[in-house]
Amino acid sequence: MANAHSSRSGGGQRRARLGVSARKAAILIMAAMPLMAASPHNPAAPSPPAPNRPTPSGFDYAGLIHVHTAYSDDATGTYAGRALTAAKQGIQFVIITDHDTLGPGVTGGDGWRDGVLMLTGVESSRTEGHLLAVGMETAPLSHGTSTDSFLASVTGQGGLAVVAHPTHRKWAWEGPIDDRIGAMEILDLADQFAASSTAQKLAALAALPVAGPRAYLTMAARPDTALALWDRIGQRRRMVGLYAPDIHEALELSDDVKAPFPAAGDIMRLARNHVLTTHALTGKLASDRATLLSAIGAGRLYVSLDILGDGRGFNFAAIAGPGRFEMGSEAPAGPPYRFEVVVPDVGERLGASIRLLRDGRVIAAARPGATTLSHIDARPGVYRVEVSVPATGVGHTGKDLVWIYSNPVYLRARSPRPG
Ligand SMILES: [Zn+2]
Ligand SMILES: [Zn+2]
């Protein structure tokens, strides 16, 4: 969100760009800090967490991908600190992606800390924009490495390359989206922050002491451009959609003074990726890493703005006879499929509206407050779900907010791959 970013060239001094004067921002931060410090905390969980009650789609692990630490020169924070903060917010995994470095490395950084599975990836500054890479042990991070070599190295190790903030005002990815890029951020807080007006930013800062992190919803919007790109790519091949908080916790007030703002704990409360694994994590690092990363790479996940309501319990699949095709699956078009959506009970209280989309167009909708939707279809296309809630209270934008974004189930006219 209010984070700094590396320059596209990957070199040079990295600066926070808040769009408000540092002095104004500093005053607002000072006003907000005592209240932020007093925000309630849950006790840290033991490691690993007890598995959540599984849904028909699997065990649900909530976590974040694209978080920085002081290994990035435009961020503050440590692995231990990020883990502790995540534990207090009920987050079960965090994938750290520092700028152009693997930091302590996979062997030095990864592990269970305070009940949180901490994994290491990287955010690579390329001439075309920024790519995340996760699930590999090494990466060619020197300046001269071509994107082709970078992708060959990452995918050659079984890693996942991700387009970071695809529609950012300054850092949008401008290269081709190579088939070796398996995922993209569909919702990125840096994009949302950069796209919001100065008035929205100031309104959020002013509301922060009273409303806490809900104040940031003032800047929330449906990422129409990123979603349209995602739907378009999905018509050709699987593209995993992720949420990224891009946490830096570093507001640069002057050349050598960074305020730890916005607070990582506040940002961590806003939204998460919910990854659905076929079996529970065990506390053994190597197998847990493989379980989690393979579910992410397969697209078995949804994004939930958990600050509006805990998304756990959500599931979406296409069912044909005895076959159940989970999010991320590619299934052959032809026979009719029953698309089944289940939203957790909190959706009723929120007046949530379930919509099923095919290639970006709504093809079925449930009445507000309904917690299930069932729809039969046989046409090829990218089927995914958005669940919206009316924006009420602080952070009211006058528009509905999307609470949950599913990953798609793809019906393919030919050459299906098993899901
Ligand atoms: Zn970036
Ligand atoms: Zn970043």
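Rule-based calculations on the coordinates, nothing more; no lab input. Predicted model, so just to flag it, every value in this text is computed and none were measured. Using ideal geometry, Cβ is built from the backbone for each residue, glycine included, and neighbour counts are taken over all protein chains shown.
Structure notes:
- Rounded to 5, the percent of DSSP beta bridges in the chain classed as antiparallel: 75
- Amide hydrogen proximity for residue 55: with H placed 1.01 Å from N in the peptide plane, the residues at 5 or more positions away or on another chain lying under 5 Å are 60.
- The chain: Lys pairs at Cα distance under 20 angstrom, eight or more positions apart or on different chains: 5
- Hz values of 3J(HN,Hα) by residue in the range 352-365 - Karplus curve (6.51, -1.76, 1.60), Gly and Pro given as x: 5, 10, 8, 10, 9, 10, 10, 6, x, 10, 5, 10, 7, 9
- Linear extension gain, residue 290 paired with residue 180, 0.36 nm per residue minus alpha-carbon span: 37.7 nm
- Residues with amide H under 5 Å from that of residue 165, placed H, sequence gap 5 or more: 185
- From helices alone, the chain scores -7000 deg cm²/dmol at 222 nm; the rule is -39500 (n - 2.57) for each run of n ≥ 4 DSSP H residues, then divide by the residue total.
- Hz values of 3J(HN,Hα) by residue in the range 372-389 - Karplus curve (6.51, -1.76, 1.60), Gly and Pro given as x: 9, 9, 10, 8, 10, 7, 10, 6, x, x, 9, 9, 8, 10, 10, 10, 10, 10
- Karplus-derived HN-Hα couplings along the range 167-176 (A = 6.51, B = -1.76, C = 1.60, θ = phi - 60°), whole Hz, x at Gly and Pro: 10, 4, 3, 10, 10, 4, 5, 10, x, x
- Proximity of backbone amide H atoms, modeled 1.01 Å from N, is registered between residue 261 and 250, 251 at under 5 Å, excluding neighbours fewer than 5 places apart on the same chain.
- The range 4-304, relative contact order in percent, only Cα pairs under 8 angstrom and at least six apart counted: 21
- Residues of the range 238-281 falling in the label zone of residue 195, defined by backbone nitrogen less than 19 Å from a point 7 Å along Cα to beta-carbon, are 240-247, 270-273.
- Label separation (residue 378 vs residue 143): 6.0 nm, computed from points 7 Å beyond Cα along the C-beta direction.
- A straight chain from residue 282 to residue 362 at 0.36 nm per residue would run longer than the Cα-Cα distance by 24.9 nm.
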